[in-house]
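Undergrad: For reference, the structure I am asking about is given below.
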2 protein chains.
Amino acid sequence: MKLDDVKNILIVGLGLLGGSYAKALTRNGFDVNVITLSQDDIDYAKAEGFIADGTTAVDPELIAKSQLIIFALYPHTFIEWIEQYGHLIKSGTVVTDVTGVKGCIVDKVQNMLPSGVEFISAHPMAGKETCGVRAADDSIFAKANYIVVPTNRNTPDGIRLCCDLGRALGFRDVSSLNTRQHDEMIAFLSQLTHCIAISLMCANGDPNLVRYTGDSFRDLTRIANINDEMWSELFLANREALLMEMDGYRDAFNRLYDTIKNNDRDAMREMMRLSSARRKTFNEGEKLI
Amino acid sequence: MKLDDVKNILIVGLGLLGGSYAKALTRNGFDVNVITLSQDDIDYAKAEGFIADGTTAVDPELIAKSQLIIFALYPHTFIEWIEQYGHLIKSGTVVTDVTGVKGCIVDKVQNMLPSGVEFISAHPMAGKETCGVRAADDSIFAKANYIVVPTNRNTPDGIRLCCDLGRALGFRDVSSLNTRQHDEMIAFLSQLTHCIAISLMCANGDPNLVRYTGDSFRDLTRIANINDEMWSELFLANREALLMEMDGYRDAFNRLYDTIKNNDRDAMREMMRLSSARRKTFNEGEKLI
């Protein structure tokens, strides 16, 4: 199946990401239905015109008629949903997700789904500090990356469809990693940065700081306003890789600390030059935005 | 003397900050002259129309006719300049600076200047990842804070003039701290954040990371591209306060690390909620921008 052949898309979980997917896909001409917990959210999205319809029930007919099903749930909710209702998904359906960690998800879901149902996992690296469907906004995809995470059980067709979905959603870049590569990358680039921001905010409670805050502190801590339910789950779901990246970062921080403590200006400047050189390689990417 | 009474301003050091000051002050109708190292920089600034004139010589006449002198030099260069040429500054002149650390500067400079010359220190908390007069841009002041750092040797008139200068430059907020408060605040809000960004960039050299980088990592590491000459000097000039803030941050990071290592989700979520609550208090400030 190609994405062009898909008419009916089902989104399970109408939150920030599910809603943002719905907006982009409805605009692209797909018939988007949802299954989600809150009737209120469905009413809102219908009134706003970015879903065709939705239900709070796990409706077997709706599931059967959907050619592509996108799960936009927390990791454990996703697993539980597949355990309970996975058998309702018909052979020939393609299933994908938005889960931010993969090692603890992908094999499990592929094992549970009925034969003939292909699960091709993906991670849209986009988000916001707010949550819920009312914050849905598919413009966040334009400067974000979409990572497809296939296993050896995926087909070229399934992988292609998932890549095309990323492009249809409007992501700036679509690429592919295996589960281990994905989880290590996400541990460093996303989870560690959130750990840093949280630690920095927890380190100093002086309420007067606000007045003197400049851009660097604001930029660094923007992500410190964090959905604790979701992120604590994501951290623990990727615990080994995250602890490894935290160790590596802590070593670098301690090295810098020692250069200051020892008045070792040469070693300090060497770290600064390495940091600057590496950071400049990221500027190219910024120009793409 | 009031800022309204000032006609002739001398800026010593025409770099990013000196140039940005010159742009704002020339637009405000002041007669701005400079003393700086490079004739090329003077020619550029004159051609661009944001200085009246300049010289690479330490011109006693120019110094004598200037009612307000602004030093935009590295800390040690500032001290050396005052040691060598401070005696040329006439009684009645007001002197200020842009130095990012204060404890090692303010008393020293106040002690060295001739009697009748008032040094009122200030820290414009604005910057860029680029340096030099060609990067000068006074629009960076609009969302930045200007901190006046008086001692008990400053006069109400001198403090007022310096505050008025911050407003004339277009800073969003003008406030006042003593040297110890200033240096502690700067250690946490500015220097520690730069230490974090440097450490993060030094922790992982995988060149493939660029492709997967999202906003949070880019925001966190923008300041990792750092002027190593200037910042190593600033770090060492504020060593005690910086090491103290680094210790506090490291403790918080280690606490978070342990919650993950121990699968202690409750403690982890508690840190995330504290972090979120504190970060929200900074959002008000963002709205002001």
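Undergrad: Would you mind listing the distances between the A:Gly205 label point and the same position in each other copy? Use 7 Å along Cα-to-C-beta, nm, one decimal, shortest first.
TA: List, nearest first: 4.2 nm.
Undergrad: Measuring with a 1.4 Å probe in the full set of protein chains, what accessible area per residue, in whole Å², belongs to the stretch B:13-86?
TA: Here the per-residue accessible area is 41 Å².
Undergrad: If R0 is 41 Å, what FRET efficiency do you get for B:Glu48 and B:Asn283 from their C-beta distance, rounded to 0.05?
TA: E(calc), rounded to 0.05, equals 0.65.
Undergrad: Rounded, prolate or oblate, given the Cα gyration tensor of the stretch B:176-289, with a/c below 1.5 counting as rounded?
TA: rounded
Undergrad: Calculate the mean, over all residues of peptide A:224-234, of how many other protein chain Cβ atoms lie within 10 angstrom of the residue's Cβ.
TA: For this peptide, the per-residue mean of nearby foreign Cβ atoms is 5.
Undergrad: With chain A rotated onto chain B, spot the residue of A whose Cβ lies nearest the axis and note the distance in whole Å.
TA: A:Asp219, 2
Undergrad: Would you work out if the stretch B:49-99 is rounded, prolate or oblate? Take a ≥ b ≥ c from the square roots of the eigenvalues of the alpha-carbon gyration tensor; rounded if a/c is under 1.5, else prolate when a/b is larger than b/c, oblate otherwise.
TA: It comes out rounded by the Cα gyration axes.
Undergrad: What is the count of Lys pairs in chain B whose alpha carbons sit under 21 Å apart, if the two are 8 or more places apart or on different chains?
TA: Counting lysine pairs in chain B gives 18.
Undergrad: Using a label position 7 Å from Cα in the Cα→Cβ direction, what is the ascending list of nm distances from A:Glu61 to the same site in the other copies?
TA: From this label point to the equivalent ones elsewhere in the assembly: 9.6 nm.
Undergrad: Using the crude model of +1 on Lys and Arg Cβ and -1 on Asp and Glu Cβ, and no other charge, please compute the dipole size for the protein assembly as shown relative to its Cα centre, in debye to 20.
TA: Around 320 debye, computed over the protein assembly as shown.
Undergrad: Determine the dipole magnitude for chain B: charges of +1 sit on the beta-carbon of Lys and Arg, -1 on that of Asp and Glu, nothing else is charged, the reference point is the Cα centre, and the result goes in debye to the nearest 20.
TA: 900
Undergrad: Which is farthest toward the positive dipole end of the protein assembly as shown among B:Ser190, A:Ala142, B:Leu88, measuring Cα position about the Cα centre, with Cβ charges +1 (Lys, Arg) and -1 (Asp, Glu)?
TA: After comparing all options, I get A:Ala142.
Undergrad: Among A:140-153, B:179-192, how do they line up by average Cβ neighbours within 10 Å per residue, starting with the highest?
TA: Order by mean packing, descending: B:179-192, A:140-153.
Undergrad: Shape verdict for the stretch B:1-151, please, from the Cα gyration tensor: rounded (a/c under 1.5), prolate (a/b greater than b/c) or oblate.
TA: Rounded.
Undergrad: Please name which of B:Gly116, A:Val34, B:Leu73 has its Cα lying farthest along the dipole of the protein assembly as shown towards the positive end, using unit charges on Cβ (Lys, Arg +1; Asp, Glu -1) and the Cα centre as origin.
TA: Most positive-ward Cα: A:Val34.
Undergrad: Please report the carbon-and-sulfur percent of the accessible area for the stretch A:1-101; probe 1.4 Å, protein heavy atoms only, DNA, RNA and ligands left out.
TA: Carbon and sulfur together cover 47 percent of it.
Undergrad: Between copies, how far does the label point of B:Met1 sit from its twins, in nm, shortest first, when each point is 7 Å from Cα along Cα→Cβ?
TA: Copy-to-copy label distances at B:Met1, shortest first: 7.8 nm.
Undergrad: While we're here: A:Gln110: net charge of surrounding residues, Cβ under 13 Å, Lys/Arg +1, Asp/Glu -1, itself excluded?
TA: Residues near A:Gln110 contribute 0 overall.
Undergrad: Let me ask something additional. Would you calculate, for the protein assembly as shown, the mean residue ellipticity at 222 nm contributed by helices, counting each DSSP H stretch of 4 or more residues as -39,500 (n - 2.57) and dividing by all residues, to the nearest 500?
TA: -15500 deg cm²/dmol
Undergrad: How big is the charge dipole of the stretch A:187-273 about its Cα centre, in debye rounded to the nearest 20, if each Lys and Arg gets +1 on its Cβ and each Asp and Glu gets -1 on its Cβ?
TA: Dipole about the Cα centre, nearest 20: 360 debye.
Undergrad: What ranking, highest mean first, results for peptides A:8-18, A:106-116 when packing means the other Cβ atoms within 10 Å averaged over each residue?
TA: A:8-18, A:106-116
Undergrad: If you count, for every residue in A:263-272, the Cβ atoms of partner chains within 10 Å of its Cβ, what is the mean?
TA: 5
Undergrad: Just the number, please: carbon plus sulfur as a percent of the accessible area of the stretch A:168-278, 1.4 Å probe, no ligands or DNA/RNA counted.
TA: It is 42 percent, rounded to a whole number.
Undergrad: At B:Leu88 and A:Lys261, where each label point lies 7 Å from the Cα along Cα→Cβ, what is the point-to-point distance in nanometres?
TA: Going by the 7 Å Cα→Cβ label model, 4.4 nm.
Undergrad: I've got another one for you. Springs between alpha-carbon pairs under 10 angstrom, Gaussian network model over chain A: which of A:Ser121, A:Ser139, A:Ser232 fluctuates most?
TA: Answer for the Gaussian network model of chain A: A:Ser232.
Undergrad: How crowded by other chains is B:187-195, given as the mean number of beta carbons from other chains within 10 Å of each beta carbon?
TA: That works out to 6 on average.
Undergrad: Using a probe radius of 1.4 Å on protein heavy atoms only, what is the accessible area buried between chains B and A, both sides summed, to the nearest 100 Å²?
TA: Answer for the B-A pair: about 8800 Å² buried.
Undergrad: Same structure, new question: Positive end of the charge dipole of chain B (Lys, Arg +1 and Asp, Glu -1 on Cβ, about the Cα centre): tell me which of B:Leu14, B:Asn208, B:Gly127 has its Cα farthest that way.
TA: Of the options given, the answer is B:Asn208.
Undergrad: Probe of 1.4 angstrom, ligands and nucleic acids ignored: what's the accessible area per residue over the stretch B:171-248, in square angstrom?
TA: 30
The values are calculated or read from the model by the stated rules, or taken from the named source; none is laboratory data. This is a predicted model, so every value here is computed, not measured. A quick note on method: Cβ atoms are made from the backbone with ideal geometry, for glycine too, and the neighbour counts reach across all protein chains shown. Accessible surface areas use protein heavy atoms only, side chains included; no ligands, DNA or RNA. Shrake-Rupley method; radii C 1.70, N 1.55, O 1.52, S 1.80 Å.
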